[in-house]
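The values are calculated or read from the model by the stated rules, or taken from the named source; none is laboratory data. The structure displayed is predicted, hence computed values, not measured ones. Every residue, glycine as well, gets a Cβ built from its backbone with ideal geometry; the counts of neighbours run over all protein chains shown.
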């Protein structure tokens with residue numbers, strides 16, 4: 001695993017030099033002896049020791065053949081304990097990482113000759129390009145996070161799904177996979193498919209693979225994603241472990257030890273998937289936070305607001321997040337609406353008197369923050385209602401928005 005890390009980082013450094021030279025000069029002796037590589041595979045910052053011994057070339061194939069020979073084959077010949085860890089596809093991937101997908105494809109297409117003795121062929125390049133176009137670019141962080149998970153599971157083959165959930169969430173953070181989401185929206189799903197869903201039933205894997213392709217191509221929006229996941233949840237018989245991991249795939253703020261479950265509900269002619277979570281107050285009493293399931297619950301929430309002397313008028317665009325005690329009795333909630341593409345406005349929050357002083361308002365609003373972040377909101381605004389609570393939660397006065405605002 002570490003050898004693959006050295007190959008990947010070393011190839012990146014040598015290709016980066018070729019790029020910086022305007023694709024005109026390469027380091028002829030592209031060996032490991034000329035590299036300083038971070039020890040751990042989740043670190044970046046590989047450096048070239050010397051840039052002497054340069055050779056003029058405008059051909060990508062010259063660079064790749066040198067990397068294959070000097071960096072990989074010669075090193076594996078010198079150190080017999082090293083096993084062949086890198087195929088040409090790794091070097092092709094590094095080309096795309098250094099130059100970007102579009103330019104990387106164009107550079108790969110300039111390789112017109114077949115180097116059969118080394119395994120570098122046009123057919124192999126075309127197959128790689130087709131795979132990336134269909135399934136997306138497999139980034140280094142995802143590969144190494146997945147390999148580390150596999151290494152862990154080999155040593156802990158009987159681990160509970162909660163333990164597996166803990167390790168994948170840690171790896172997701174350690175390898176900073178979230179940083180890839182804006183450019184590669186399929187990243188989280190790909191990571192889960194390569195780890196906890198790897199041995200799931202084939203129907204679920206196929207559905208998630210189809211979803212990954214749609215996410216990569218931009219064919220599916222937020223609403224379409226919810227509908228698609230709703231179908232998976234309702235149409236496929238899932239194990240407890242699969243439900244557990246699907247919950248954490250969709251709602252990335254849910255911790256491995258949190259009690260949470262997916263809720264499948266109909267919304268008009270569409271199905272939506274939502275989340276129900278349990279929280280505890282300081283006395284360890286359990287509460288459930290979830291959306292309203294039916295109109296009756298919205299009506300009950302309206303009654304709670306009126307009894308708290310809060311005059312409100314619900315609109316069709318309003319959304320609700322409610323909190324229930326252990327007996328499933330409504331004790332409060334919050335409602336909000338979308339005011340622009342990336343902005344939500346929190347209207348009112350209420351907790352009935354018997355349950356005030358337990359920090360439930362804070363927990364409820366923080367849960368709302370996480371759900372809005374998942375839906376790509378960037379700001380949440382509120383009036384000066386309960387301003388002392390919202391100041392503590394990081395809201396500030398901003399004349400651009402009016403009232404108080406918090407960046408999510």
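Points to keep in mind about this one:
- All conditions but one from (1) surrounded by 14 or more Cβ atoms within 10 Å (Cβ to Cβ); (2) modelled with pLDDT of 95 or more; (3) touching a strand residue (DSSP E or B) at 6+ places or on another chain (Cβ under 8 Å) apply to residue 98; the one that does not is (3).
- Test: residue 403 is under 30 Å from residue 225 (Cβ atoms), in contact with a strand residue (DSSP E or B) (Cβ under 6 Å, 6 or more places away or on another chain) and surrounded by fewer than 18 Cβ atoms within 10 Å (Cβ to Cβ): no
- Residues of region 97-142 satisfying the condition of being out of contact with any helix residue (DSSP H, G or I) (no Cβ under 8 Å at 6 or more places or on another chain) and assigned to a helix (DSSP H, G or I): 102, 103, 106, 122, 123, 126, 127, 130, 131, 133
- Flag: residue 238 does not match the condition of being in a helix (DSSP H, G or I), at pLDDT 90 or above and closer than 22 Å to residue 165 by Cβ.
- Only one of the listed residues (358, 376) is in a loop (DSSP other than H, G, I, E, B) and surrounded by 14 or more Cβ atoms within 10 Å (Cβ to Cβ). That residue is 358.
- The condition (being in contact (Cβ under 8 Å) with a residue 24 or more places away in the chain and part of a loop (DSSP other than H, G, I, E, B)) is satisfied by just one residue among 172, 184, 157, 149: 184.
Yes/no per residue for (1) touching a helix residue (DSSP H, G or I) at 6+ places or on another chain (Cβ under 6 Å); (2) assigned to a helix (DSSP H, G or I); (3) in the same structural domain as residue 178 (by TED's automatic domain parsing):
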position: 304; (1), (2), (3): no, yes, no
position: 312; (1), (2), (3): yes, no, no
position: 317; (1), (2), (3): no, no, no
position: 331; (1), (2), (3): yes, no, no
position: 336; (1), (2), (3): no, no, no
position: 346; (1), (2), (3): no, no, no
position: 372; (1), (2), (3): no, yes, no
position: 381; (1), (2), (3): no, no, no
position: 401; (1), (2), (3): no, no, no
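- Residue match in region 51-60 (condition: touching a helix residue (DSSP H, G or I) at 6+ places or on another chain (Cβ under 7 Å) and either surrounded by fewer than 16 Cβ atoms within 10 Å (Cβ to Cβ) or over 23 Å from residue 124 (Cβ atoms) (or both)): yes
- Within region 329-347, the set of residues being more than 31 Å from the chain's Cα centre (by Cα) and surrounded by 14 or more Cβ atoms within 10 Å (Cβ to Cβ) comprises 330, 331, 332.
- Tallying residues that are buried (at least 18 other Cβ atoms within 10 Å of the Cβ) and either modelled with pLDDT of 95 or more or in contact with a helix residue (DSSP H, G or I) (Cβ under 6 Å, 6 or more places away or on another chain) (or both) within region 173-184 yields 3.
- Test: residue in region 162-171 that is outside the structural domain of residue 62 (by TED's automatic domain parsing) and either under 11 Å from the mean Cα position of the chain (by Cα) or at positive phi (or both): yes
- Test: residue in region 37-45 that is in a helix (DSSP H, G or I) and buried (at least 20 other Cβ atoms within 10 Å of the Cβ): no
- Candidate set: region 7-21, residues that are part of a helix (DSSP H, G or I) and without any contact (Cβ under 8 Å) to a residue 60 or more places away in the chain; chosen: the one surrounded by the fewest Cβ atoms within 10 Å (Cβ to Cβ): 20
- So residue 273, is it over 30 Å from residue 359 (Cβ atoms), in contact with a strand residue (DSSP E or B) (Cβ under 6 Å, 6 or more places away or on another chain) and not assigned by TED's automatic domain parsing to the domain that holds residue 356: no
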